[in-house]
Amino acid sequence: MFQKVLIANRGEIAVRIIRACHELGIKAVAIYSDVDRDALHVRYADEAYPCGPPPASESYLVSERVIEIAKNCGADAIHPGYGFLAENGDFADACAAAGITFIGPTGDVMRKMGDKVTARQTMEAAGVPIVPGTTERLSDKEAAAWAKKIGLPVMVKASAGGGGKGMRLVREDSELEQALARARSEAKSSFGDDGLYIEKFVDEPRHVEIQVLADSHGNTIHLFERECSIQRRHQKVIEEAPANRMTPELREKMGQAAVAAAKAVDYRGAGTCEFLVNPQGEFFFLEMNTRVQVEHAITEAITGIDIVKAMIRGAAGEPLGFEQKDLKISGHAIEARIYAEDPDNKFLPSPGEILVYRPAGGIGVRVDSGVYQGATVTVNYDPMVAKLVTWGIDRQEAIDRMRRALREFVVKGVKTSIPFHQQVMRHPKFIEGHYDTGFIETYMKDFAAAEVDPEVRRVAHTLAAIAAYRRDKHQAERASSIQTGGEGSPWKSFGRRSQMRGSLR
Ligand code: MV4
């Protein structure tokens, strides 16, 4: 087993990985950019080293520096988390070349899955159902011919894409030319690769993904599915496990397909096969994510398997220690991603200082977060402040706990998506469990955060003001003038802060 692992990430996932290391008796090393000196992941780690200025491109993404830090501190392995360097095959290769274990699949596997056309070829050969369409990069002329052959509507997609970038829906012949041109230029500017392919459009799809785990002893298993259909602009917002409207037969077939996909590329570690499921219950491989995902915790909740520890053990050469037949789904789990964003302003990020932070707790509740009261959400990174995961014996109990947890959860200083989640948890279509990827667009378009009870707001303001005041560096100086309501009075200070930040509403 490794003695020391460097976590090439920040925020909640870095904390999550550090916890796994500590349970395994491994020393955890954090890296931090200049704005993350006081971040939670730094406080949890055994050692921490600076990695550069705030922009990720100058810190967390600088692979040579990350590897240099790992070498200097004597780390045996690097866990990349998600985002940043997690799906960069060249980084995985560079780790290997430096004699450091990259906790994940090989660079070759990442490149094979990162290129969607290659992934489609590989999956087709492995007998995994793919969305009907092409398995070659197409010229505009070829694309037009294929669109005719497949029949409209079609999706034009970037081979280097994923997550919706460089993707265009074509419903009419007249739209095709422009869609190709736009998809190509978007692909070129985003990925430096303008390769395109075409798929038949799948209407009213659900996004269902299967978690897989593979060790280096020939064991490849799946940990069932997650429903990730509730997304906004290709950003997942709420996930649940197991998925809605699954039958034991469909679960079996999708699980086998995901395992076949992993085996086809000799996969190692944790990965996820994303599928589209149409209203008829047919499923089609979309792409494979070769990393640990944000939403892995709901799968941990229903299976009892610690996915991050399994990744680390697997990378160290240990066998999984269980087989498919040992696994079963127990209960139901839901994740709400709590973002620092403003529901009243197009869900734009709402950076700032977290003045009050009081996470939910109690039975069936897990909170994975990278922040604490007094921490700052900056514009440099993803604005997710916490993952709230609830588990219940059945879906209804998981929903009831989510509603209860959302009402407990207090974040002041930045706006959050908590009110949005509260509304979803009360929506009849969500409660019914009958929804697809159009859920937010269809039912939540006119979402506006409910007006807060003025009395509740007044108390919240007072609490936030006290919290802000307590941290003030010039507390002593101010304390002397409190009685007079002078310059240092918290009530004056509150008024000023409120105007300055506009974030206490
Ligand atoms: C599709 C599709 C319909 N038909 N492909 C969006 C992200 C990318 N991973 C794949 N996406 C889609 N591909 C075909 N052939 C609809 C989507 C899609 C979607 C997929 C999953 C979750 C949310 C989505 C929202 C809009 C569109």
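The values are calculated or read from the model by the stated rules, or taken from the named source; none is laboratory data. Note that this is a predicted model, so its numbers are computed, not measured. As a convention, Cβ positions derive from the backbone with ideal geometry for all residues, glycine included, and neighbour counts pool all protein chains shown. Surface areas here come from the heavy atoms of the whole protein model, side chains and all, with no ligands, DNA or RNA. Shrake-Rupley method; radii C 1.70, N 1.55, O 1.52, S 1.80 Å.
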- Query: Going by the conditions given, is Ala187 without any contact (Cβ under 8 Å) to a residue 60 or more places away in the chain and within 16 Å of the ligand (Cβ to nearest atom)?
  - Reply: yes
- Message: Here are the criteria: (1) open to solvent by 60 Å² or more (accessible area, probe 1.4 Å); (2) modelled with pLDDT of 95 or more. Tell me which single one Asp344 does not satisfy.
- Response: (2)
- Item | Among (1) of a type in the set (Lys, Arg); (2) modelled with pLDDT under 95; (3) open to solvent by less than 20 Å² (accessible area, probe 1.4 Å), the one test that Arg337 misses | (2)
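I'm checking my understanding of the structure. Among residues of segment 165-178 that are part of a loop (DSSP other than H, G, I, E, B) and within 11 Å of the ligand (Cβ to nearest atom), which one is surrounded by the most Cβ atoms within 10 Å (Cβ to Cβ)?
Start the filter on segment 165-178 by keeping residues that are part of a loop (DSSP other than H, G, I, E, B), which leaves 166-167, 171-172.
Keeping just the survivors that are within 11 Å of the ligand (Cβ to nearest atom) gives 166-167.
Numbers: Gly166: 27, Met167: 19.
Among residues in segment 165-178 that are part of a loop (DSSP other than H, G, I, E, B) and within 11 Å of the ligand (Cβ to nearest atom), the one surrounded by the most Cβ atoms within 10 Å (Cβ to Cβ) is Gly166.
Here is a check on your reading of the model: is Leu213 more than 12 Å from the ligand (Cβ to nearest atom), in contact with a helix residue (DSSP H, G or I) (Cβ under 6 Å, 6 or more places away or on another chain) and in contact (Cβ under 8 Å) with a residue 24 or more places away in the chain?
Details: more than 12 Å from the ligand (Cβ to nearest atom): yes; in contact with a helix residue (DSSP H, G or I) (Cβ under 6 Å, 6 or more places away or on another chain): yes; in contact (Cβ under 8 Å) with a residue 24 or more places away in the chain: yes.
Taking the combined requirement at face value, the residue satisfies it.
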- Query: Which condition number in (1) at pLDDT 95 or above; (2) small (Gly, Ala, Ser); (3) within 14 Å of the ligand (Cβ to nearest atom) is the one that Gly162 fails?
  - Reply: (1)
